[in-house]
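Step one of this worksheet: look at the structure below.
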Amino acid sequence: MTSVLTGNVVYDNLLFYMVALCSFIPAWVFLVLAWQIFSKNTWSVGNNENNWVEMAWTFIPTGMVSYLCGLNVVCLTEDLPVRIEAVIKVTGRQWYWSYEISGFEEGYDSVMTDFIDSVDKPLRVNIYDFYHLVVTSSDVIHSFSLPDLRIKVDAIPGRVNQNIFYTDCVGIYVGYCSELCGAGHAYMPIVMESVVPDYKPLGWIPYEFRGINFVKDDDDSDY
């Protein structure tokens, strides 16, 4: 993670220098051109070239742009920049969702119950853990959408779309299929529960990020 952050800082700083240099060169050219046109001296010195300066402003920007391209290629080819807790495979079906989580032997189906925006088996994730979301479909086009988490991934038969997400509040997130997929389109809600796992006690999480309001207690570390 540290190497990724360092690479981002180098990339941002180098991009700033590139923008400054590319802005300076045309501004200087037009400034000199305007000075020669509007100056009282209507002639310019013929012996004012410098090969080293021309080589510098040619090869330095070229090298910087090449380095930027190299950073982009490395970003596209390297592994995920964060530690992934698990891979969640989501399969859209008419008209329910199926979940498979790496580390568990069997997946399960999440079907709407008699209550609005509720399912029999919600998707449960741990707070502050990153998850790799893999979405596909077994029949028609669906769309896995959780607006509160800013997640919207299309589920297309024969294709796999992906996303990385995490939750920063304990609670229940409700979503829906945002792609018209047939007669039961309105009856396949998405319910995700964000919980504190047993190996991360509640005292480990800052109060402002718990998603609940209560008075701080000295015995909070026991919960």
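Each reported figure results from applying straightforward, stated rules to the coordinates on display, with no laboratory input. Small disclaimer: the values here were computed from a predicted structure and weren't measured. Using ideal geometry, Cβ is built from the backbone for each residue, glycine included, and neighbour counts are taken over all protein chains shown.
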Under 5 Å between amide H atoms, partner at least 5 residues away or on a different chain: which partners does residue 138 have, H built in plane at 1.01 Å? 92
Sort 19-28, 162-171, 107-116 for me by packing, meaning the mean count of neighbouring Cβ atoms within 10 Å per residue, highest on top. 162-171, 107-116, 19-28
Please give the net charge around residue 120, taking every other residue with its beta carbon less than 11 angstrom from that of residue 120, where Lys and Arg add +1 and Asp and Glu add -1. -1
Loop-located trypsin sites (Lys or Arg not before Pro) in the range 73-180, at most 16 other Cβ atoms within 10 Å (DSSP): 83, 150, 159
For residue 164, the residues 5 or more places away or on another chain with a placed amide H closer than 5 Å to its own amide H are 133
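When Lys and Arg each count +1 and Asp and Glu each count -1, what net charge do the other residues less than 9 Å away from residue 98, Cβ to Cβ, add up to? Walk me through the numbers before you get to the answer.
Numbers: positive: 89, 93; negative: 100, 109.
Net local charge, residue 98 excluded: 0.
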Can you classify the range 84-209 as rounded, prolate or oblate using the Cα gyration tensor, where a ≥ b ≥ c are the square roots of its eigenvalues, rounded means a/c under 1.5, and otherwise it's prolate if a/b beats b/c and oblate if not? prolate
Can you classify the range 106-146 as rounded, prolate or oblate using the Cα gyration tensor, where a ≥ b ≥ c are the square roots of its eigenvalues, rounded means a/c under 1.5, and otherwise it's prolate if a/b beats b/c and oblate if not? oblate
With r defined as the distance between the Cβ atoms of residue 22 and residue 55 and R0 fixed at 22 Å, what FRET efficiency is calculated, to the nearest 0.05? 0.80
Using a/c under 1.5 as the rounded threshold, could you call the range 139-183 rounded, prolate or oblate? The axes a ≥ b ≥ c are square roots of the C-alpha gyration tensor eigenvalues, and prolate needs a/b larger than b/c, oblate otherwise. oblate
Amide H to amide H, which residues 5 or more places from residue 170 or on other chains are under 5 Å from it, using H placed in the peptide plane? 211
In this structure, the FRET efficiency calculated for residue 185 and residue 72 from their beta-carbon separation, with R0 = 25 Å, to the nearest 0.05, is 0.05
